[in-house]
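Encoded as structure tokens, the structure appears first; notes follow it.
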């Protein structure tokens, strides 16, 4: 049947409109939320990533046996894989049979508390043969498993003019527990007065019940009560020069050599 060009063009336009409407309707049925659905998915993924990131944080507060009034309150966060391990000779291909266990690195941030004073702490934990961040199990038959901790507590306190009485302390610890936050660490330490403290032990305590773990020092202390060996007289502290009490000149830093008399 013959149709005029104008009628034929109208039919084509109408057919195209119907097809376009059908396509749009089908898409809306398959994805009723449209862009909002994608946004909702992205929001959920972001929340999951945030939750997983928070799950990587481990909190641990430690008491120092040779300085019982001092605490290290630490946040330990997963940083990265450090080593996949090496196989023993004639061993299988499993990581559990490695001569050196798989290793993992953690970043450490927190505070070092000395009586009513505190300073910031940075450090690193390396675990070997760890099966879980908190189990403390050895995780295999490797030759060496456990964990290693290094801490630097950043202290600078003095008279505000020419002499300092408090300096940073470095702590180096190990444990047989393959955990980033074990129950105990065996340590050696020294401060920047070149005072070596010998062997010591850090033992985990319950920070919700240990008042010292939650100590916070504001700026008022720095202006009104300098942390010196005299201010904690009668107590041992890791951050001071123990010879300070015997120094006849309290203004002279005992770590500095006095000028010879002419």
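The values are calculated or read from the model by the stated rules, or taken from the named source; none is laboratory data. Remember, it's a predicted structure, so these values are computed and weren't measured experimentally. So basically every Cβ, Gly included, is an ideal-geometry build from the backbone, and we count neighbours across all protein chains shown.
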Given the range 141-214, what strands (runs of 3 or more DSSP E) lie entirely inside it while holding 2 or more residues that are at pLDDT 95 or above and crowded, with 22+ Cβ neighbours inside 10 Å? 146-158, 164-175, 184-191
Residue 68 is checked against (1) loosely packed, with under 14 Cβ neighbours inside 10 Å; (2) modelled with pLDDT under 90; (3) in a loop (DSSP other than H, G, I, E, B) and fails just one. What number does that condition carry? (2)
Of all residues in the range 88-105 being in contact with a strand residue (DSSP E or B) (Cβ under 6 Å, 6 or more places away or on another chain) and either closer than 17 Å to residue 62 by Cα or surrounded by fewer than 15 Cβ atoms within 10 Å (Cβ to Cβ) (or both), the one that is modelled with the lowest pLDDT: 88
Residue 224 vs (1) modelled with pLDDT under 70; (2) closer than 21 Å to residue 72 by Cβ: all pass except (2)
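Would you say residue 127 is at pLDDT 80 or above, within 18 Å of residue 202 (Cα to Cα), in contact with a strand residue (DSSP E or B) (Cβ under 6 Å, 6 or more places away or on another chain) and surrounded by fewer than 23 Cβ atoms within 10 Å (Cβ to Cβ)?
no
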